[in-house]
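Written out below as structure tokens is the structure these notes cover.
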């Protein structure tokens, strides 16, 4: 049976964008130059080299429509429901391994599968970017950023709700380049700076 979720209207989407604007944060995460590729992604790219090269001409952020918003929500929900969370040590007996999940996976595995499904649904790879973040407890985590004309939205295996990046509790560190899926860029998450300036 195909799983679906209620998508509501674009009102939720616009309220998120408005909230980001009210906080004086850009809708899209600012970039801060090139950086190193995570080792897990490097190893993944050795196995799936066709998924780690140029994404072609970057036509800019995805023009968000009611239809592709529903697709994004459904892919996030379905994979979060179908894949059960386990660590790489529990699955493979190693600390770090990025792979497409079957029934179980860790955060990177969820991201890889969501990215694959959304590419299959017609969204450009240049707008589906694996992203490394820091959780409030200091632990690293991976999410999928969908780059849109309404801002950068985050698909996370720890929640079914798709949020604007600035509405999450994460500190954004780096993500894939929109021009080349095998290259990575640093992110400039200005929220910590803003908090620091108030103290």
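Taking a point 7 Å from the Cα of residue 39 along the Cα-to-Cβ direction, the residues of the stretch 93-131 with backbone N closer than 16 Å to it are 93-99.
Rounded to two decimals, what is the ratio between the C-alpha radius of gyration of the stretch 81-135 and 2.2 N^0.38 Å? Intermediate values should be presented prior to the final figure.
Numbers: Rg = 12.1 Å, N = 55, 2.2 N^0.38 = 10.1 Å.
Here the answer is 1.20, to two decimals.
For the stretch 56-199, the relative contact order works out to 22 percent when only alpha carbon pairs closer than 8 Å and six or more residues apart are counted.
By other beta-carbon atoms within 10 Å, ranking 163, 155 with the fewest at the front produces 163, 155.
Full extension of the segment from residue 57 to residue 95, taken as 0.36 nm per residue of separation minus the current Cα-Cα distance, would add 10.1 nm. With the largest listed first and rounded to whole Å, the semi-axes of the equivalent ellipsoid of the stretch 117-194 from the Cα gyration tensor are 20, 14, 12. Scattering from the stretch 23-147 was approximated by placing one identical point on each alpha carbon and applying the Debye formula without solvent; log10 I(q)/I(0) at 0.18 1/Å stands at -1.15.
What percent does the relative contact order of the stretch 115-199 come to when contacts are Cα pairs within less than 8 Å and at least six residues apart?
Values: 137 pairs, mean separation 21.1, N = 85.
Relative contact order comes out at 25 percent.
Each of 145, 55, 81, 87 was scored by other Cβ atoms within 10 Å of its Cβ. Listed from fewest to most, they are 81, 87, 55, 145.
Available extension along the chain between residue 32 and residue 171 is 48.6 nm, counting 0.36 nm per residue and deducting the alpha carbon span. Once C-alpha pairs closer than 8 Å and six or more residues apart are averaged by separation and normalised to the residue number of the stretch 38-131, the relative contact order reads 31 percent.
Values in this text are rule-based calculations from the coordinates and carry no lab data. Treat the numbers as computed from the prediction; the structure is a model and nothing was measured. Backbone-built Cβ (ideal geometry, glycine too); neighbour counts: all protein chains shown.
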